[in-house]
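Trainee: The structure follows.
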Amino acid sequence: MSTIGVALGATTVGLLIGRIARIVTDHFAPRKDMRYSIEIITAAVFGLLGWRIGIAPLLPAYLYTATAGVALSVIDLRTRRLPDALTLPSYVVLLALVAVGGIVSRDGAVTVGLVLGAMGAFSLYWCFRRMNTALGPGDVKASGLVGGILGTIGVHAWVVGIGAGLILAALYAVTMLISRKGSASTLIPYGPFMFAGCLVAVLAT
C-alpha cells in the first residue's frame, strides 16, 4: 500500500477513534466546545503517523499513544489535571502493543526501549516536580507514556521529543508570566506540550 493510501486510511480510522476519544474526554472533563474538534485532531494526527510510519508492527502502539495523548491533552487543558484512571491503564495497553509489535518484527529491543524510555522520562519529570511545584503529579505519571514510545525509536528521538516538550512548555510559561496571567507557582497544562513534543520527534526522526 502506498504512503498516501496508508495516511488516508489512518485518517479515516482516526475520525472513528476520535469519537471514542471525545466520549472519554467528556467523561473526565465535560464541556461544550467546537463540534467534532477532537475527532478532527485525532484524524489529523493519525494521518500524519500513517504517512510517516506506514504499515509497520508498531503502528498500533503509536496510534494508541496518539489517542491517549489527544484525550489527556484536552482533559489537561480543561481541568489542569491528568487522571490516573486514564494514564495508568495506558501503560499496560502500550506495553502489550509494543511487545506484540516486537514479536511480529522479531525485534525485542523495542520493548526494552519502551521500558528504559519510560523510566528515563519519569525520573526526569520526577526531578522537575521536586524543583517546581507548577508541575503536577499527573504530568510526571504521563511523561512515561511519552518517553516510552520515543524509546522504541531510539535515544535521539527520545532527546528530541522530551526536549521539544519542555521547550514548548517553557515558552508557554514565559508567555503567561509576561502577560501576568500566571506566576512561578501557577499549575500549567504540561500534557499537551509533552505529547506535541513526542509527535514532533516521531515525524522528524
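The values are calculated or read from the model by the stated rules, or taken from the named source; none is laboratory data. The structure displayed is predicted, hence computed values, not measured ones. So basically every Cβ, Gly included, is an ideal-geometry build from the backbone, and we count neighbours across all protein chains shown.
The rows are residues; the columns are (1) closer than 16 Å to Met119 by Cα; (2) at pLDDT 95 or above.
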{"residue": "Ile153", "(1), (2)": "yes, yes"}
{"residue": "Trp158", "(1), (2)": "yes, yes"}
{"residue": "Ala164", "(1), (2)": "no, yes"}
{"residue": "Ala169", "(1), (2)": "no, no"}
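Trainee: Out of the residues in the stretch 18-32 meeting the condition of being touching a helix residue (DSSP H, G or I) at 6+ places or on another chain (Cβ under 7 Å) and part of a loop (DSSP other than H, G, I, E, B), tell me which one is modelled with the highest pLDDT. Explain how you work it out, then say what you get.
Mentor: Our first condition is that a residue be touching a helix residue (DSSP H, G or I) at 6+ places or on another chain (Cβ under 7 Å); within the stretch 18-32, this holds for 18-19, 21-22, 24-25, 28-29, 31.
Imposing the further condition that a residue be part of a loop (DSSP other than H, G, I, E, B) reduces the set to 29, 31.
On the way: Ala29: 90, Arg31: 79.
Among those that are touching a helix residue (DSSP H, G or I) at 6+ places or on another chain (Cβ under 7 Å) and part of a loop (DSSP other than H, G, I, E, B), it is Ala29.
Conditions tested, residue by residue: (1) out of contact with any Asp or Glu (no Cβ under 9 Å at 6 or more places or on another chain); (2) farther than 15 Å from Val202 by Cα.
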position: Asp26; (1), (2): yes, yes
position: Ala29; (1), (2): no, yes
position: Ala66; (1), (2): yes, no
position: Ser73; (1), (2): yes, yes
position: Val115; (1), (2): yes, yes
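Trainee: Give me the residue from the stretch 112-134 that is of a type in the set (Val, Ile, Thr) and modelled with pLDDT of 95 or more and, out of that set, nearest to Met194 (Cα to Cα). Give the steps one after another, and end with the answer.
Mentor: Going residue by residue through the stretch 112-134, those that are of a type in the set (Val, Ile, Thr) are 112, 115, 133.
From the residues that got through so far, the ones that are modelled with pLDDT of 95 or more too are 112, 115.
On the way: Val112: 21, Val115: 18 Å.
Checking each candidate, the answer is Val115.
Trainee: Only one of (1) surrounded by 19 or more Cβ atoms within 10 Å (Cβ to Cβ); (2) within 19 Å of Thr79 (Cβ to Cβ); (3) out of contact with any Lys or Arg (no Cβ under 9 Å at 6 or more places or on another chain); (4) not acidic (Asp, Glu) is not met by Ile38, so which one is it?
Mentor: (3)
Trainee: A further question follows. Which one of these is under 13 Å from the mean Cα position of the chain (by Cα) and free of Cβ contacts under 8 Å to residues at least 60 places away in the same chain: Gly136, Gly163, Gly191, Gly144? Break it down stepwise before answering.
Mentor: Numbers: Gly136 fails: under 13 Å from the mean Cα position of the chain (by Cα); Gly163 fails: under 13 Å from the mean Cα position of the chain (by Cα); Gly191 fails: free of Cβ contacts under 8 Å to residues at least 60 places away in the same chain.
So the residue among Gly136, Gly163, Gly191, Gly144 that is under 13 Å from the mean Cα position of the chain (by Cα) and free of Cβ contacts under 8 Å to residues at least 60 places away in the same chain is Gly144.
Trainee: Could you run through the stretch 55-76 and say how many residues are within 14 Å of Val13 (Cβ to Cβ) and over 12 Å from the mean Cα position of the chain (by Cα)?
Mentor: Applying the first criterion (within 14 Å of Val13 (Cβ to Cβ)) to the stretch 55-76 yields 55, 59-60, 62-64, 66-67, 70.
Pick out the ones that are also over 12 Å from the mean Cα position of the chain (by Cα) and you get 55, 59-60.
Number satisfying all stated conditions: 3.
Trainee: Please state which one of Thr87, Thr3, Thr65, Thr11 is surrounded by fewer than 19 Cβ atoms within 10 Å (Cβ to Cβ) and of a type outside the set (A, V, I, L, M, F, W, C).
Mentor: Values: Thr87 fails: surrounded by fewer than 19 Cβ atoms within 10 Å (Cβ to Cβ); Thr65 fails: surrounded by fewer than 19 Cβ atoms within 10 Å (Cβ to Cβ); Thr11 fails: surrounded by fewer than 19 Cβ atoms within 10 Å (Cβ to Cβ).
Criteria check complete, one pass: Thr3.
Residue by residue, here is whether (1) of a type in the set (D, E, K, R); (2) crowded, with 17+ Cβ neighbours inside 10 Å holds:
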{"site": "Lys32", "(1), (2)": "yes, no"}
{"site": "Gly50", "(1), (2)": "no, yes"}
{"site": "Ile53", "(1), (2)": "no, yes"}
{"site": "Pro57", "(1), (2)": "no, yes"}
{"site": "Asp76", "(1), (2)": "yes, yes"}
{"site": "Thr79", "(1), (2)": "no, no"}
{"site": "Val93", "(1), (2)": "no, no"}
{"site": "Arg106", "(1), (2)": "yes, no"}
{"site": "Val112", "(1), (2)": "no, no"}
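Trainee: Follow-up. For the stretch 82-104, check the following and say yes or no: at least one residue is modelled with pLDDT under 95 and charged (D, E, K, R).
Mentor: No, the stretch 82-104 contains no residue that is modelled with pLDDT under 95 and charged (D, E, K, R).
This table checks each residue for (1) assigned to a helix (DSSP H, G or I); (2) β-branched (Val, Ile, Thr).
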{"residue": "Gly138", "(1), (2)": "yes, no"}
{"residue": "Ser143", "(1), (2)": "yes, no"}
{"residue": "Ile149", "(1), (2)": "yes, yes"}
{"residue": "Ile153", "(1), (2)": "no, yes"}
{"residue": "Trp158", "(1), (2)": "yes, no"}
{"residue": "Ala164", "(1), (2)": "yes, no"}
{"residue": "Leu168", "(1), (2)": "yes, no"}
{"residue": "Leu177", "(1), (2)": "yes, no"}
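Trainee: Right, here's the next one. May I ask you to list pairs of residues, at least six apart or on different chains, whose Cβ atoms are under 9 Å apart, with the first in the stretch 21-32 being among the small types (Gly, Ala, Ser) and the second being crowded, with 21+ Cβ neighbours inside 10 Å and not in a helix (DSSP H, G or I)?
Mentor: none
Trainee: Would you call Thr12 in a helix (DSSP H, G or I), out of contact with any helix residue (DSSP H, G or I) (no Cβ under 6 Å at 6 or more places or on another chain) and either within 18 Å of Gly117 (Cβ to Cβ) or among the hydroxyl-bearing types (Ser, Thr, Tyr) (or both)? Give the derivation first.
Mentor: On the way: in a helix (DSSP H, G or I): yes; out of contact with any helix residue (DSSP H, G or I) (no Cβ under 6 Å at 6 or more places or on another chain): yes; either within 18 Å of Gly117 (Cβ to Cβ) or among the hydroxyl-bearing types (Ser, Thr, Tyr) (or both): yes.
Spelling it out, Thr12 is indeed in a helix (DSSP H, G or I), out of contact with any helix residue (DSSP H, G or I) (no Cβ under 6 Å at 6 or more places or on another chain) and either within 18 Å of Gly117 (Cβ to Cβ) or among the hydroxyl-bearing types (Ser, Thr, Tyr) (or both).
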